Structures are given as C-alpha cells and as structure tokens.
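These notes are about the structure you will find just below.
The values are calculated or read from the model by the stated rules, or taken from the named source; none is laboratory data. What you see is a predicted model; the values in this text were computed from it and never measured. Here Cβ is always computed from backbone atoms with ideal geometry, including for glycine, and neighbour counts include all displayed protein chains. We work out accessible area using only protein heavy atoms, side chains counted, and drop any ligands, DNA or RNA first. Shrake-Rupley method; radii C 1.70, N 1.55, O 1.52, S 1.80 Å.
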Amino acid sequence: MRNGVDNVQYSKKIIALMMERQYLSKSVSINDYDQLYKDTSPGQNVYWSGFGEPPTLSFRTSFNDIDYNRQRQLQRKLLKGRFQGNNLGWIDRDDLELFASLFKKSINNLNAKQQMLLELIEREGPLTIQLMKEMTGLLVKEITPVLHQLQKAFLIYEDQYDNEWDRGWYIFGQMFPNANIEKYSMLEALKIVLQRFAYRIVLFDEEMVKSFYKLPKKIIRSAIQELVQEEVLMPYDDQYMLKTDEVVVNNTDFYMEESIYVLHRNDFLVKANEHWLKEHFKSEQFKTLQYILVNGEFKGAVMGQFKYGPYIIEDVILELDDDEWHYYKEGILQAVHQVNDPIKSPIKKINGIKCYER
C-alpha cells in the first residue's frame, strides 16, 4: 500500500501519467511540441525507413511533425550531432551547449589524419566528403570515421539542413562562435537532462537512463544520488521519480483510455526500455521491426526482415493471456497494419502460428 492506494492501482496511475506526459493519451499542440521534443532529445527519425528524414515523435501530434521539423532543420533550429554513443540525433539549437557538455568526446592529441582534415576544413571549408577525397587522396572509408571522431569532439559540424546527401562540414567554432561547450560539467548537464527524462517517463531506474543516453553507469549513479540528496528525485523501491510527482500521483485520479501503439525502434519509450525489450522479445530467425505498447505497457513485438520499401512481417509475438488475446486481437492487428501496409506487408504468423490456422 502507498498512501492508502494498493500497488497495482498506484502503478496504473503512474502509467496513466506517463502516457499523458508522452502525449499518447492526447495529442500535443504545436505550442507545446518544442518542449516535448527537448525533453525527449536527442530526437531520431523512424528506424530504418527514415533515412534522410527529419526526426519525429510518432503518434503524439495532431499535425505533421516531420514537415514541422523539416522547416526547423532548414532554419537551423534543429541541429544534427553524434550523441548517445555513436548515434546520430537532432537537438534544439537552444540546447547545444547542454548536450555538447554531456556527450562530447574530447581528443587530447590529434592524430595525423585528424589534424590534416581539421586544418583542411579550417582553411578551405565548408567541404563535402567528396571534395575532401579529391583534395587529400584519401578514400571515403578513411575520411568518414575521422570526421565522426572530430564531430563527437565538437570540433567540426555537419550541416544537414535538408535531405540531400552531399553535405558541408564546417569548423564548429566558426559555425557556432558564441557556443560554450564547456558551460557545464558532464555531471551538471546530466542532472539537468535527467529531470526532463524523469518528467516525461515518470518512473525510471539507472538501466533506463543508460539505455537511452548510452552513458557510463558511474556518472548516471552520481547524478541520481545528487538529485536525491537535493530532494529533486525520490527513491521508489529500486526506481526514482520526481519528488513533485509523488504529490501528483497521490492526489490525482487519472483516467486512461485503452490504446494500442506499434512503436518503431527509435521511439523515445522504446530506447528508454531497449535494454530489456531486446532480450525479452527476440527471435533467432528474424529481426525486431517494432514493439507493441498496449495501455502503456509493452506486450509484444513485430518480427521479420527490414528492406527498402514495405517490411516483411514474419511473426507478431504477443504476451497476453487468453482473455486479453480475444479482447485486444483485432485492435493489435489494426495497429500493426496502421504502420505496415496490410497488402504489401501481410502478417504471416502470430505467436508462431500461421494466421489462417487460427
């Protein structure tokens, strides 16, 4: 029991608040979108099929946020970088100093290729990779990893303001002369970002933070401990929530309509739970295409093969008891078809059983 509320009911209230904060129980307006985007950043495009496309917050908007973010790219209000490990992502320009402080991989001593390309871009830039190849004699496969190393150190910037492939590389300081990428320590930056993460996901643990941000456990644990000591976060069993949210959950009656979403692998909720999802829902034969969220909880996955164009759906894995299966079956299949063409990507099996045998 927690303040007179049993654990099951309390958990449902947390899930309902999370769905509300994620705008999966109601659509976000364009006025509130930018803050949602910031809180769930770095943003990514649709996994696999989103090459060259702007990032999107699927199912959360009443407007086309791909078009909206395409305009923000064009205006350089969304900036591309390498964050979360070596992953490409998009952040709001206002957060450049924050995320640079959090994710930069400083290079203490430049090697010969790093020095050569940095000096070349500084002298002749902006330059495309093709021009660098012609000017240096290096192969593209030699140039690209060096650019990524310099990019992660925030020494250069790849200016992707549209969906063209031939993009210019700039010296970071020339592109952003007023940016102070030393404004925060890594710990300070993480403490700021963690509060945003906690607000949008409500209840979390260390593994979820590591799963989403791809940062070392030591710095994650330090940031959480300091926020607990400062009474910003509060422990809840082995998890944490904003202290202000305990009041919200205890004193609010939440109503959550039934919902089913089929989320791509770069979705915020998927990335935050990726560490257990990829182990829990897996196949030795097929790749995980998408994950199935039923009433705010992950209940299954769409398995098959990625390809350019419609995916091949081999199996839909579901963890539902018999009553849930009969109740949600049609809704789940409709949700799968909403993001996968039912004609070009037919569902072959459900839980390993051919559909026509059911």
- Task: Please find, in a Gaussian network model of the chain (springs between Cα atoms separated by less than 10 Å), the residue of GLY43, GLY300, GLY137 whose mean-square fluctuation is greatest.
- Result: GLY137
- Taking 0.36 nm per intervening residue step and subtracting the Cα-Cα distance, what contour gain separates GLU284 from GLU119 on full extension? 54.7 nm
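Within the set LYS80/LYS243; LYS307/LYS348; LYS105/LYS218; LYS133/LYS183; LYS12/LYS282, which residue pairs have Cα atoms separated by over 24 Å?
LYS80/LYS243; LYS133/LYS183; LYS12/LYS282, as the Cα separations exceed 24 Å there.
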- Karplus-derived HN-Hα couplings along the stretch 282-294 (A = 6.51, B = -1.76, C = 1.60, θ = phi - 60°), whole Hz, x at Gly and Pro: 8, 9, 6, 9, 10, 8, 7, 8, 8, 10, 10, 9, 10
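Calculate what fraction, in whole %, of the accessible area of the stretch 208-317 sits on carbon and sulfur atoms when a 1.4 Å probe is rolled over the protein chains. Mind showing how you got there, number by number?
Values: 2440 of 5340 Å².
Of all accessible area on the stretch 208-317, carbon and sulfur atoms account for 46 percent.
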- Pseudo-spin-label distance ILE343 to ALA179, built 7 Å along Cα→Cβ, given in nm, is 4.5 nm
- Between rounded, prolate and oblate, where does the chain land on the alpha carbon gyration tensor, with a ≥ b ≥ c its root eigenvalues, rounded for a/c under 1.5, else prolate if a/b exceeds b/c? oblate
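Once you list every other residue whose beta carbon is under 12 Å from the beta carbon of VAL28, what net charge do they have if Lys and Arg are +1 and Asp and Glu are -1?
On the way: positive: ARG21, LYS26, ARG60, ARG200; negative: GLU20, ASP32, ASP34, ASP39, ASP65.
Once all neighbours under 12 Å are counted, the net charge is -1.
In square angstrom, what is the accessible area per residue of the stretch 119-174 with a 1.4 angstrom probe? List each step's numbers first, then the result.
Working: 2910 Å² over 56 residues.
Result: 52 Å² of accessible area for each residue.
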- Express the carbon and sulfur contribution to the solvent-accessible surface of the stretch 1-152 as a percent, rounded to the nearest whole number, probe 1.4 angstrom. 47 percent
- Message: On C-alpha positions alone, give me the angle between the axis of helix 268-280 and the longest principal axis of the chain, in degrees, nearest 10.
- Response: 70 degrees
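If a/c stays under 1.5 just call it rounded; otherwise compare a/b with b/c (prolate if a/b is bigger, oblate if not). Do that for the stretch 190-306, with a ≥ b ≥ c from the square roots of the Cα gyration tensor eigenvalues. Don't skip to the answer; put the middle values down first.
On the way: a/c = 2.86, a/b = 1.46, b/c = 1.95.
Since a/c reaches 1.5 but b/c is at least a/b, the shape of the stretch 190-306 is classed as oblate.
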- Query: Ignoring ligands, DNA and RNA, how do ASP92, ASP322 rank by accessible area with a 1.4 Å probe, largest first?
  - Reply: ASP322, ASP92
- Message: Which of GLU182, GLU257, GLU206 ends up with the largest GNM mean-square fluctuation for the chain, with Cα atoms connected below 10 Å?
- Response: GLU257
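Tell me the mean residue ellipticity at 222 nm calculated for the chain from its helices only (DSSP H runs of n ≥ 4, each -39500 (n - 2.57), averaged over every residue, nearest 500). Show your work: numbers first, answer last.
Numbers: 14 runs with 158 residues, N = 358.
After summing the helix terms and dividing by residue count, I get -13500 deg cm²/dmol.
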- Message: Run the numbers for GLU188 and GLU257: contour at 0.36 nm per residue of separation, minus the present Cα-Cα distance, in nm.
- Response: 21.1 nm
- Take the Cα coordinates of the stretch 22-178, assign each an equal point scatterer, and use the Debye formula without solvent to give log10 I(q)/I(0) at q = 0.10, 0.17, 0.18, 0.21 Å⁻¹. -0.39, -1.01, -1.11, -1.40
- Item | For the stretch 335-345, Karplus couplings with θ = phi - 60° (6.51, -1.76, 1.60), whole Hz, Gly/Pro x | 5, 5, 6, 5, 10, 9, 4, x, 8, 7, 10
- The base-10 log of I(q)/I(0) that the Debye equation returns for the stretch 1-113 at q = 0.10, 0.20, 0.22 Å⁻¹, one scatterer per C-alpha, is -0.42, -1.08, -1.21
- Query: Rg(Cα) of the stretch 148-193 divided by 2.2 N^0.38 Å?
  - Reply: 1.39
- Charge context of LEU139, other residues only, Cβ under 13 angstrom, K/R +1, D/E -1: +1
- Between THR136 and ARG76, what is the spin-label point distance in nm, taking each point 7 Å from the Cα along the Cα→C-beta axis? 2.3 nm
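Add +1 for every Lys or Arg and -1 for every Asp or Glu among the other residues with Cβ under 10 Å from the Cβ of LEU203, and state the total.
On the way: positive: none; negative: ASP205, ASP237, ASP245.
Here the charged neighbours net out to -3.
Can you classify the stretch 119-174 as rounded, prolate or oblate using the Cα gyration tensor, where a ≥ b ≥ c are the square roots of its eigenvalues, rounded means a/c under 1.5, and otherwise it's prolate if a/b beats b/c and oblate if not? Before the final figure, lay out the partial values.
Working: a/c = 1.33, a/b = 1.14, b/c = 1.17.
Note, shape of the stretch 119-174 comes out rounded.
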- Could you tell me how many degrees, from 0 to 90 and to the nearest 10, lie between the Cα long axis of helix 7-21 and the main elongation axis, the longest principal axis, of the Cα atoms of the chain? 40 degrees
- Message: Could you report the stretch 222-314's accessible area per residue, 1.4 Å probe, as an integer in Å²?
- Response: 50 Å²
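Taking N as the number of residues in the stretch 8-54, what is its alpha-carbon radius of gyration divided by 2.2 N^0.38 Å?
Compared with the compact-globule rule of thumb, the stretch 8-54 sits at 1.46.
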